[in-house]
1. Rank-order 91-97, 139-145 by packing density, defined as the average count of other C-beta atoms within 10 Å over each peptide's residues, highest first.
2. Give, in nm to one decimal, the length gained when the segment between residue 113 and residue 190 is fully stretched (0.36 nm per residue of separation minus the Cα-Cα distance).
3. Given R₀ = 25 Å, what would the calculated FRET efficiency be for residue 88 paired with residue 68, taking r from the Cβ atoms and rounding to 0.05?
4. Tell me the label-point distance for the pair residue 120, residue 138, using the 7 Å Cα-to-Cβ offset, in nm and rounded to one decimal.
5. Do you know the relative contact order of the chain, to the nearest whole percent, from alpha carbon pairs under 8 angstrom that are 6+ apart?
6. Identify which of the listed values of semi-axes √(5λ) of the Cα gyration tensor in Å was calculated from the structure shown: [x] 46, 26, 15; [y] 27, 22, 12; [z] 34, 17, 14.
7. Once you order the gyration tensor axes a ≥ b ≥ c over the Cα atoms, which shape class does the stretch 124-210 get: rounded for a/c under 1.5, otherwise prolate or oblate by comparing a/b with b/c?
8. Cα-based Rg (one decimal) and Dmax (whole number) for the stretch 41-123, in Å?
């Protein structure tokens with residue numbers, strides 16, 4: 001009976017050790033694995049769509065944005081894959097994307113032809129392709145945020161967190177490109193309404209500070 005109890009105690013302590021070893025070596029939780037797969041698939045889809053757009057884009061400035069963002073996304077993808085597979089710091093850390101658009105925004109709305117869905121691919125224009133790209137970078141910023149807060153591995157979590165501002169920067173670059181060409185117009189409120197809303201808040205006192 002004593003030997004049986006000893007075996008039970010030994011097996012009881014041995015199982016958590018095995019589970020702990022497995023958790024350390026794989027370094028990912030189940031939910032984290034699923035979110036990472038979904039995120040990496042989304043990045044692949046984005047890069048493949050960019051290749052498709054690049055074949056039809058006519059404006060050289062937009063082509064340059066496509067190529068610059070594709071190059072950056074390729075490195076980001078490789079960094080995430082390496083960290084996902086190893087759970088360790090990647091050889092190439094998260095980079096910083098720097099847009100090349102001027103951040104001057106044109107405000108106001110000009111009347112134009114009412115829009116409707118295109119009936120064939122031949123009708124697609126650079127306005128369409130830049131809109132597709134903007135939608136994808138905005139969606140990817142949300143996907144990185146959602147996946148990042150579910151990560152257990154601290155290195156992978158940090159990579160995804162640090163990548164969110166890069167997706168926002170890509171989105172801003174595309175917005176500015178569209179705004180400069182009148183594709184993305186920015187309406188404004190009347191001055192009185194804007195001033196009223198700007199003055200609707202005031203700073204709160206800092207607690208515990210003297």
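1. Ranked from most to least packed, the peptides come out as 139-145, 91-97.
2. That works out to 25.3 nm of additional length.
3. 0.30
4. Computed distance between label sites residue 120 and residue 138 equals 3.0 nm.
5. The value is 26 percent.
6. The value matching this structure is [x].
7. oblate
8. 17.7, 54
Readers should treat all values here as calculations from the given coordinates under stated rules, not as data from a laboratory. Just so we're clear, the structure is a prediction, and the values are computed from it rather than from any experiment. Don't worry about glycine lacking a Cβ; one is built from the backbone with ideal geometry, like all the others, and counts go over all protein chains shown.
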